[in-house]
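Only one structure is covered here, and it is reproduced in the block below.
Values quoted throughout were computed directly from the atomic coordinates according to the rules given, and no laboratory measurement underlies them. All of these numbers come straight from a predicted model, not from anything done at the bench. Backbone-built Cβ (ideal geometry, glycine too); neighbour counts: all protein chains shown.
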Amino acid sequence: MQVTLQTRPMKICFTDQQIIDGLKDENDEDKRRLLQNSFFYNYVKDIYKMLVQKCKNFSDAEQLAKDINQETFIKAFKGVQKFSFPVGSEAKNHRKIIMKWLVVIANNCFKKEYAKRINESSYDDIVEIIGEPTYEPFETESQDLQIEIVNPFRLKLQNAFNLLSEREKHIITEYADEECIDTTKHLSDKSMKYLCAVYETTPENIRQIKKRALDKIKKSCFNADKK
Amino acid sequence: MKKNKSDNSQLNQEKMIEKILRTGGFVLPSSDDEMKEFERIYGTTDVILPEELQEPNFLYSSPKKKQSAKIKELRSNDFAMAARQGAENLPDEVKKRMEQDRRKADARRKRKK
């Protein structure tokens, strides 16, 4: 009897719950691979799209996005035992929940991967500072989301961002990631330690760089309107 | 009164900047609202996956050691061989790199103290 080997796995539709439960329990290598592939095909495009936007402001953007994307899925499958849907969560929300989990991992991978490109010699110390990604399944609301943003302003910000050095872009986005852009708030100790290790500098210098970058953005976005 | 108005204006500007950074793709969106906003802006943008991401083969192959585009490839074997052969036979590039690494390691040791 002739057996036809399939080079591409058949696309079988599993629910997110089935995939997660299966990945946690499955010992059969072939079934496990099937579940991993399903998960990958379901989420790779969305994660890649986010990473392309995130990485486009940094050098070697395409390779960076690819590398982080791969690392994200590798880490996700390694850490799937620690992941679970919140009790009582509805199936229609599972995609959203998994996306948030993957974003936490992708963010962690970005910090490490980018740090390696900037400062390979301190990479081991930096990895120790960042640690492994920690995921909170509960919704955390961002502050002040009632502020309406219009498209022209978004373009202005991108133009302003293009004026910054790569170091300034990295530092500003780290602050934005922790909702610390405004001058009344401070970066967490962990993130400050990370930036200091990457750039081999002091917290005071990091704050100065952030302030300068923010001033440049404000000048470009808002003062230009006054002319 | 004037100073407060100016402070509020600065604060509003900063909040606006932060919001765009968090929803405009500069930072990976983390909350439901940020994801919704990101989807609204970029949802219709179709993404063409690069070849390496078309299939999840990387999950099953042995990890390749990636070289950073910025940093030149100087394998540790080169240093070991250079050390065995003697310092005067080292190329300038290797000597420079060894010196840099030595300085960075010293600086790190001093910081830890």
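Structural remarks
- Under the Karplus curve 6.51 cos²θ - 1.76 cosθ + 1.60, θ = phi - 60°, whole-Hz ³J(HN,Hα) for segment A:85-102, x wherever Gly or Pro sits: 6, x, 4, x, 5, 7, 4, 5, 9, 5, 4, 4, 5, 5, 4, 5, 5, 5
- Distance between the modelled labels on A:Q81 and B:R40, one decimal in nanometres: 4.2 nm (7 Å Cα→Cβ projection).
- Counting Cβ atoms of other protein chains within 10 Å of each residue's Cβ and taking the mean over peptide B:51-57 gives 6.
- Shielding score for A:64-77, defined as the mean number of other chain Cβ atoms within 10 Å: 3
- Note on A:R167 and A:N27: with the Förster distance fixed at 56 Å, the Cβ-Cβ geometry gives a FRET efficiency of about 0.75.
- Per-residue average of Cβ from other chains inside 10 Å of B:28-41: 6
- Each residue, B:R102 and A:A61, gets one label point 7 Å from its Cα in the Cβ direction; the gap between the two is 4.1 nm.
- By the helix-only formula, in which each DSSP H run with n ≥ 4 contributes -39500 (n - 2.57) and the sum is divided by residues, chain A has a 222 nm mean residue ellipticity of -20000 deg cm²/dmol.
- Between 0 and 90°, nearest 10: helix A:151-162 axis offset from chain A longest Cα axis: 80
- Vicinal HN-Hα couplings computed from phi for segment A:107-117 (Karplus, 6.51 cos²θ - 1.76 cosθ + 1.60; Hz; Gly/Pro x): 4, 4, 5, 4, 4, 6, 5, 5, 4, 5, 6
- When you restrict to C-alpha pairs under 8 Å that are six or more residues apart and normalise by the size of segment A:147-227, the relative contact order lands at 42 percent.
- For segment B:9-54 versus segment A:62-113, the gap between their alpha-carbon centres in whole angstrom: 17
- Amide N proximity, segment A:171-210 versus B:K15 label position 7 Å along Cα-to-Cβ, cut-off under 15 Å: A:179-185
- Table column - 3J(HN,Hα) (Hz), segment A:42-47, Karplus curve with 6.51, -1.76, 1.60, x for Gly and Pro: 5, 10, 4, 5, 5, 5
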